[in-house]
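Below is one structure, written out as structure tokens, with a few remarks after it.
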Amino acid sequence: MQTHASKNLLEKGVTIFVVGGPFIALGLAIYLLMWQGAGTWTDFWVAIVLYLLSAVGVTVGYHRMATHNSFEAVRWLKNFLLVSGSMACEGPVLKWAADHRKHHKHTDVYGDPHSPHLTGSGVRGTVRGWLHAHIGWLFLFKRESKKGYIRDLLEDKDVRRIDSLFLAWVLLSLFALPFLVGLTYKGSWSGALVTMLWAGPVRVFFVQHVTWSINSVCHLWGKRPFPSDKWTGFSTNNLLIVLPSLGESFHQNHHAFPRSSEHGLLPGQRWLDVSGRIIWLLERLGLVRKVYRVSDESIKKRLSEKSAFEPTVS
């Protein structure tokens, strides 16, 4: 039986591995590309395809489906999306959902797990806040129970099973799947290893940092069309990362209407919200149902309200 300390040590080790490993891999890949020419268009296309697979798993599966109940998917699709989200190596689905629900309950105030606004003011406070929101919060191993945030998910045996196999999905994502694809296309072990490097940990590096930019960048810089209140906090819409994030960087829109299946709620935004378009397509194919959408009247009413959120830092 594991002790409290050993569980904490294991959690720290896994976090260091899934966060630090892709960073080291990126440096190695750049070196090999520049000095050894190790990297082909095949490697990059495999990396792009797996990027989209794991990113959709996070945005559509982890985020809009599991965390916010924006829609219901048929069983095989639900499981596929959650496994794909696990392959982003951002944590098991239950922890991911609990952290994000807690973020919405305590947006940019005490209790928010990754607000960049609780570390002081001025340039120093902003830099510290950005670092904390982007990656530092991942290494704060608080042992409080988060079961109260995910009681509905804990009742789903498929979700619990996929969550329990998180390390298997990590190994599949980082090593096994990209290696097998590379071996199939190139027919050599050395070629497969290069494909594994680019489509495994390097691809995960970009998926992770785009996701974490929603926590950091999209709570510091961007536009705030909706009034700021306890639900939106300092969240913003940031167009610079809207396509890499598949629409997630319409982040203030999301905070204004957390359950909405679409984040591109304002004129000109809908077709930039790739995840919202994917859900729309899946609905047309009969694979998802009970898709939650916000009415134009609700959006107009929300836009007309006055801001009621005072900045506080500690």
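The values are calculated or read from the model by the stated rules, or taken from the named source; none is laboratory data. What you see is a predicted model; the values in this text were computed from it and never measured. No Cβ is skipped: glycine too gets one built from the backbone with ideal geometry, and neighbour counts run over all protein chains shown. What goes into the accessible areas is simple: the full protein's heavy atoms, side chains included, and nothing from ligands, DNA or RNA. Shrake-Rupley method; radii C 1.70, N 1.55, O 1.52, S 1.80 Å.
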> For region 284-294, which residues satisfy the criterion of being of a type outside the set (K, R), open to solvent by 50 Å² or more (accessible area, probe 1.4 Å) and out of contact with any Phe, Trp or Tyr (no Cβ under 7 Å at 6 or more places or on another chain)?
Replying inline: L285, G286
>> Tell me the residue from F175, F141 that is of a type in the set (A, V, I, L, M, F, W, C) and at pLDDT below 95, please.
In response: F141
>> Please go through region 251-285 and give me each residue that is in a loop (DSSP other than H, G, I, E, B) and touching a residue at least 60 places away in the same chain (Cβ under 8 Å), ordered by number.
In response: P258, R259, S260, S261
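Please work out which residue is farthest from T119 (Cα to Cα), limiting yourself to region 291-300 and to residues that are part of a loop (DSSP other than H, G, I, E, B) and either under 23 Å from the mean Cα position of the chain (by Cα) or hydrophobic (A, V, I, L, M, F, W, C) (or both). Reasoning before the result, please.
Restricting attention to region 291-300, the residues satisfying the condition of being part of a loop (DSSP other than H, G, I, E, B) are 291-295.
Of the ones still in play, those that are also either under 23 Å from the mean Cα position of the chain (by Cα) or hydrophobic (A, V, I, L, M, F, W, C) (or both) are 291-294.
Values: V291: 38, Y292: 36, R293: 35, V294: 34 Å.
Residue satisfying both the conditions and the ranking: V291.
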> Do any residues in region 22-40 that are basic (K, R) have Cβ atoms under 6 Å from those of residues that are assigned to a helix (DSSP H, G or I) and open to solvent by less than 60 Å² (accessible area, probe 1.4 Å), where the two are at least six apart or on different chains, and which pairs are they?
Replying inline: none
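Residue by residue, here is whether (1) crowded, with 22+ Cβ neighbours inside 10 Å; (2) among the hydroxyl-bearing types (S, T, Y); (3) free of Cβ contacts under 8 Å to residues at least 12 places away in the same chain; (4) farther than 19 Å from L171 by Cα holds:
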| residue | (1), (2), (3), (4) |
| --- | --- |
| G61 | yes, no, no, yes |
| R64 | yes, no, no, yes |
| T67 | yes, yes, no, yes |
| R75 | no, no, no, yes |
| L81 | yes, no, no, no |
| C89 | yes, no, no, no |
| V93 | yes, no, no, no |
| R101 | no, no, no, yes |
| T107 | yes, yes, no, yes |
> Of all residues in region 194-212 being open to solvent by 20 Å² or more (accessible area, probe 1.4 Å) and out of contact with any Leu (no Cβ under 6 Å at 6 or more places or on another chain), which is nearest to L131 (Cα to Cα)?
Replying inline: H209
>> Going through L220, L303 one at a time, which residue ends up being open to solvent by 30 Å² or more (accessible area, probe 1.4 Å) and more than 22 Å from the chain's Cα centre (by Cα)?
In response: L303
>> Name the single residue that is farthest from G61 (Cα to Cα) among those in region 109-153 being open to solvent by 50 Å² or more (accessible area, probe 1.4 Å) and charged (D, E, K, R).
In response: R124
>> Going residue by residue through region 32-41, is there one that turns out to be open to solvent by 60 Å² or more (accessible area, probe 1.4 Å), on the phi > 0 side of the Ramachandran plot and either hydrophobic (A, V, I, L, M, F, W, C) or not in a helix (DSSP H, G or I) (or both)?
In response: no
> So which residues in region 161-189 are polar (S, T, N, Q) and either open to solvent by less than 60 Å² (accessible area, probe 1.4 Å) or at positive phi (or both)?
Replying inline: S173, S188
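Kindly evaluate F71 against the criterion of being farther than 24 Å from R293 by Cα and touching a residue at least 24 places away in the same chain (Cβ under 8 Å). Lay out the reasoning, then the answer.
Values: farther than 24 Å from R293 by Cα: no; touching a residue at least 24 places away in the same chain (Cβ under 8 Å): yes.
So F71 does not fit the description; no.
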